[in-house]
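K.L.:
Have a look at the structure that comes next, please.
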Amino acid sequence: MSRMIFVSNRLPVTVKINKKEVTYEKSIGGLATGLKSFHEQADALWVGWPGFASDRMKRSQLDQIESSLLDDYHCFPVYLSEKDVTLYYEGFSNRTIWPLFHYFSNLTEYDNTNWQRYKKVNLEFYHKLEPFIEEDSVIWIHDYQLMLLPELIKNNHPTVKIGFFLHIPFPSSEIFRLLVWKEEILKGILGADLIGFHTYDYVRHFLSSVRRILNVNHNFYKLLYNHRHIEIDAFPMGIDYQYFSTHQVDNPIIINPQEKMILSVDRLDYTKGIIERIKAFKAFLDKYPKYIGKVRLNLIVAPSRQSLPFYDQLRSEIEILVSQINGSYNNRDWMPIWYYFKSFSQDELIAYYKAADILLVTPLRDGMNLIAKEYVAARTDYLATLILSETAGAASELSEAIIINPNDEIQIANAIKNALEMSKKEKMQRNKIMHERIQRYNVNFWAKEFIQRLDKIQFETQIKLPVEALVNKDELIKQFDASQKRIFFLDYDGTLSEFKKHQCKLHLIVH
Ligand code: F6P
């Protein structure tokens with residue numbers, strides 16, 4: 001395979017600067033795990049931000065970090081200034097795209113200064129990438145921070161194969177069209193040859209936005225745009241099943257056998273429905289008081305994006321609500337909510353997964369949600385009980401979970417009761433199916449499937465559907481005569497090709 005280059009906003013290695021000491025911390029899980037085997041190939045490269053603002057650093061120190069990242073980790077840094085972080089990362093990425101794509105249009109800010117900086121930083125990524133690009137390179141760009149990059153590369157390197165994957169939802173065209181810079185964003189993404197989303201819903205939303213905004217129609221998930229064929233498809237991201245299903249934890253969590261534990265694990269984010277979840281737990285205690293003293297909620301919230309106003313405000317709201325509920329319901333021997341505002345290691349999380357009777361995953365909107373899959377995989381006893389929001393991407397794969405509407409606290413309260421009372425047999429039946437699926441469609445499968453599809457793209461020999469588009473009709477007839485298998489598609493007018501007044505079209509596939 002040709003040289004692979006991965007690009008994402010954050011590198012899979014975080015560089016921490018502590019006075020004079022520089023430390024390198026490899027990311028675990030998610031993208032880093034999925035791409036590991038490809039990234040480890042000799043000439044592969046990963047380009048991205050190492051996670052700190054570079055303004056106050058000396059050039060010599062930045063050069064030193066650059067060569068360590070390149071030599072030891074196959075990574076190349078794109079340095080961002082404090083202003084870049086404020087306007088591109090916190091601003092356009094997380095105050096415009098993030099809320100809008102998660103349907104929080106009321107929180108979406110349309111600020112031209114942030115947009116200009118987003119364009120500038122995407123261009124900066126392109127300039128950093130440029131020296132590494134060879135004409136047969138395969139480049140895979142990740143996520144909403146870099147939606148202009150595919151077009152920047154394609155305009156200058158038309159023969160390079162470019163993949164783009166969006167890790168967050170793509171909203172309905174009615175929401176997407178609210179974006180002031182919608183055309184530029186779509187054109188940016190369409191620089192890619194293969195565009196991937198977690199679910200078919202997001203694929204459909206993207207295609208209808210392209211049709212309505214750019215007036216470009218698709219044909220079976222293929223677009224013809226600027227004389228280029230572009231493929232769009234769903235690639236649901238998986239987890240490292242092997243790791244989660246075999247990991248032995250250092251310190252297992254022992255809970256009182258008389259007490260049941262509901263677990264909730266999220267990054268601090270208003271999209272995760274944490275407030276609604278806490279209220280639903282209260283509704284459960286109110287509706288089914290026999291469980292007071294017998295069920296506790298372990299609420300783990302990992303700090304995230306705290307420099308943004310909504311996040312800090314959300315943290316205060318969570319803490320006030322938790323203390324109100326604990327203040328009113330606790331007794332001498334029992335506290336309803338055990339709240340943690342910190343990040344846990346993967347080992348500690350698995351210990352919680354193994355001890356939890358229920359995992360409550362109720363985001364208001366979530367691209368995929370890998371926590372739900374990790375919990376099921378870690379429960380090799382097949383006794384996981386997953387309550388999952390219908391608005392998480394994972395719901396289209398995990399239909400054996402108890403599916404709820406995250407805004408319906410009574411439905412969630414009832415789901416908790418049903419989960420607590422579910423028979424062992426039913427749990428095992430549901431778990432078995434989910435295990436098979438999570439094991440098969442794991443994160444390596446996801447990465448391999450996307451990369452193979454991208455690598456297979458042939459610019460010269462892409463399928464041209466109508467028979468007139470085939471240059472040499474005689475050759476076609478010759479091949480047809482010689483073929484062993486022939487398929488005729490007889491088209492009711494307008495079904496396979498557009499309406500024509502006095503013309504009959506024949507579609508042929510020749511093997
Ligand atoms: O879900 C999208 C995502 O970018 C993840 O890839 C990432 O783990 C998370 O959001 C947090 O991202 P960041 O801390 O870079 O804003």
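The values are calculated or read from the model by the stated rules, or taken from the named source; none is laboratory data. Since this is a predicted model, take the numbers as computed values, not measurements. Using ideal geometry, Cβ is built from the backbone for each residue, glycine included, and neighbour counts are taken over all protein chains shown.
K.L.:
Could you pull out every one of the helices (runs of 4 or more DSSP H) wholly within the stretch 95-190 that has 3 or more residues that are more than 16 Å from the ligand (Cβ to nearest atom)? Before the answer, list the steps.
P.N.:
On the way: elements: 98-101, 112-129, 149-156, 173-176, 182-189.
Output list reads 112-129, 149-156, 173-176, 182-189.
K.L.:
Just to verify a result, which residue in the stretch 270-313, among those that are under 19 Å from His102 (Cα atoms) and in contact with a Ser or Thr (Cβ under 6 Å, 6 or more places away or on another chain), is nearest to the ligand (Cβ to nearest atom)?
P.N.:
Gly273
K.L.:
Which residues, taken from the stretch 374-402, are within 29 Å of Asn251 (Cβ to Cβ) and within 14 Å of the ligand (Cβ to nearest atom)?
P.N.:
As a first pass, look at the stretch 374-402 and keep what is within 29 Å of Asn251 (Cβ to Cβ): 374-388, 394, 398, 401.
Those that are within 29 Å of Asn251 (Cβ to Cβ) and within 14 Å of the ligand (Cβ to nearest atom): Glu374, Ala394.
K.L.:
Say we look at the stretch 20-34 and pick out the residues that are within 16 Å of the ligand (Cβ to nearest atom) and charged (D, E, K, R); which of these is farthest from Met147 (Cα to Cα)?
P.N.:
Kept after step one, since they are within 16 Å of the ligand (Cβ to nearest atom), are these residues of the stretch 20-34: 25-34.
Those left that are additionally charged (D, E, K, R): 25-26.
Numbers: Glu25: 27, Lys26: 25 Å.
The selected residue is Glu25.
K.L.:
Now a separate question. Residues that are within 25 Å of Glu109 (Cα to Cα) and touching a helix residue (DSSP H, G or I) at 6+ places or on another chain (Cβ under 8 Å): does the stretch 218-228 have at least one?
P.N.:
No: zero hits.
K.L.:
Mind checking which residues of the stretch 5-14 are part of a strand (DSSP E or B) and within 16 Å of the ligand (Cβ to nearest atom)? Walk me through how you get there before you give the answer.
P.N.:
First, pick out the residues of the stretch 5-14 that are part of a strand (DSSP E or B): 5-10, 13-14.
Hits for the stretch 5-14 are Phe6, Val7, Ser8, Asn9, Arg10, Val13, Thr14.
K.L.:
Counting residues that are in contact with an Asp or Glu (Cβ under 9 Å, 6 or more places away or on another chain) and buried (at least 18 other Cβ atoms within 10 Å of the Cβ), which strands (runs of 3 or more DSSP E) fully inside the stretch 240-346 reach at least 2? Before you say what the answer is, go through the steps one by one.
P.N.:
Details: elements: 260-267, 295-302, 337-341.
The qualifying strands (runs of 3 or more DSSP E) are 260-267, 295-302.
K.L.:
Something else about it: Of these, Ser2, Ser37, which one is surrounded by fewer than 17 Cβ atoms within 10 Å (Cβ to Cβ), part of a helix (DSSP H, G or I) and more than 16 Å from the ligand (Cβ to nearest atom)? First the steps, then the outcome.
P.N.:
Details: Ser2 fails: part of a helix (DSSP H, G or I).
So the residue among Ser2, Ser37 that is surrounded by fewer than 17 Cβ atoms within 10 Å (Cβ to Cβ), part of a helix (DSSP H, G or I) and more than 16 Å from the ligand (Cβ to nearest atom) is Ser37.
K.L.:
May I ask you to say which residue of Glu390, Glu374, Glu397, Glu409 is buried (at least 23 other Cβ atoms within 10 Å of the Cβ), out of contact with any Gly (no Cβ under 6 Å at 6 or more places or on another chain) and among the acidic types (Asp, Glu)?
P.N.:
On the way: Glu390 fails: buried (at least 23 other Cβ atoms within 10 Å of the Cβ); Glu397 fails: buried (at least 23 other Cβ atoms within 10 Å of the Cβ); Glu409 fails: buried (at least 23 other Cβ atoms within 10 Å of the Cβ).
Answer to the check: Glu374.
K.L.:
Another question, if that's okay. Please work out if Thr33 is within 18 Å of Trp446 (Cα to Cα) and either in contact with a strand residue (DSSP E or B) (Cβ under 6 Å, 6 or more places away or on another chain) or assigned by TED's automatic domain parsing to the domain that holds Leu129 (or both). Don't jump to the end; show me each part of the working.
P.N.:
Working: within 18 Å of Trp446 (Cα to Cα): yes; either in contact with a strand residue (DSSP E or B) (Cβ under 6 Å, 6 or more places away or on another chain) or assigned by TED's automatic domain parsing to the domain that holds Leu129 (or both): yes.
When the stated conditions are applied, Thr33 passes them.
K.L.:
Now for a separate question. Go through (1) more than 16 Å from the ligand (Cβ to nearest atom); (2) closer than 25 Å to Trp446 by Cβ; (3) modelled with pLDDT under 95 and name the single condition Ile17 misses.
P.N.:
All conditions are met except number (2).
K.L.:
Considering each residue of the stretch 40-56, count those that are buried (at least 16 other Cβ atoms within 10 Å of the Cβ) and part of a loop (DSSP other than H, G, I, E, B), and give that number.
P.N.:
Filtering the stretch 40-56 for residues buried (at least 16 other Cβ atoms within 10 Å of the Cβ) gives 44-54.
With part of a loop (DSSP other than H, G, I, E, B) added as a condition, the list becomes 44, 50-52, 54.
Count: 5.
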